[in-house]
Structure formats: C-alpha cells, structure tokens
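Trainee: Sharing a structure, written as structure tokens. Questions coming.
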Amino acid sequence: MQIEITKLSSQGQVTIPQNLREQYQCQDGQELIIINVGYGILLKPKKTFYETKLDDVAGCLNYQGKAKTIEEMEQAIAQGIGESWNQ
C-alpha cells in the first residue's frame, strides 16, 4: 500500500499526486466516485465505459430462457455496479 499526503484547500479541493494520477490513468476533468467507507473517504476513477469482452456480449445472443422484466434487468444492473465498486 502506497501512502501519500495532500492538503484540502479552502475550496474543498484535493490534489491527487501525479504518480497516482498516472497509475490510475486519470485525465483532467475526469469524474471520480466518492465513497464514504465509514473510517474515511475512498476516491475511485469513474469509468465512462466498462471494459466489455466479445464473449460477454455474444453470450446473451443464445439466451433461450424466459424474457427478463424491466425490474429484473434493473436489479441485475444495480448488482453489477455494486460488484464493480467492490473491486
């Protein structure tokens, strides 16, 4: 684990050290997800598009089961988002 120290400005801004911005490929203006983890604050880069593999997309083409409801799809999306945040 790498530890860095930074300061909070009077405007509520925090500078993320350059080596960490490069490591996580953060760009100017990129949105960050702020998570209150109870003992502190976690900042995670918000990905515009999640990495998708061809097998992930093509796999749904052979689905033979009952059609999913909107509620089931929304629940699966929420579960996927929750799992990606915990990575």
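A short reminder: the numbers here are calculations on the coordinates, not readings from a lab. As the structure is a computational prediction, the values presented were derived from the model and not from experiment. We place every Cβ from the backbone using ideal geometry, glycine too, and count neighbours over all the protein chains shown.
Trainee: May I ask you to order 52-60, 72-80 by the average number of other C-beta atoms within 10 Å around their residues, highest value first?
Mentor: Most protected by this proxy first, the peptides run 72-80, 52-60.
Trainee: On alpha-carbon atoms, Rg over Rh for the chain using Kirkwood Rh?
Mentor: Checking Rg against Rh, the ratio lands at 1.10.
Trainee: Can you classify segment 38-87 as rounded, prolate or oblate using the Cα gyration tensor, where a ≥ b ≥ c are the square roots of its eigenvalues, rounded means a/c under 1.5, and otherwise it's prolate if a/b beats b/c and oblate if not?
Mentor: oblate
Trainee: Provide the net charge surrounding ILE77, with neighbours chosen by a C-beta distance below 13 Å and charges set as Lys +1, Arg +1, Asp -1, Glu -1.
Mentor: -3
Trainee: Taking only Cα atoms, what is the 0 to 90° angle, nearest 10, from helix 70-85's long axis to the longest principal axis of the chain?
Mentor: 40 degrees
Trainee: How much net charge surrounds TYR24 when only the other residues with a Cβ under 14 Å from the Cβ of TYR24 are counted, with Lys and Arg +1 and Asp and Glu -1?
Mentor: It works out to a net charge of 0.
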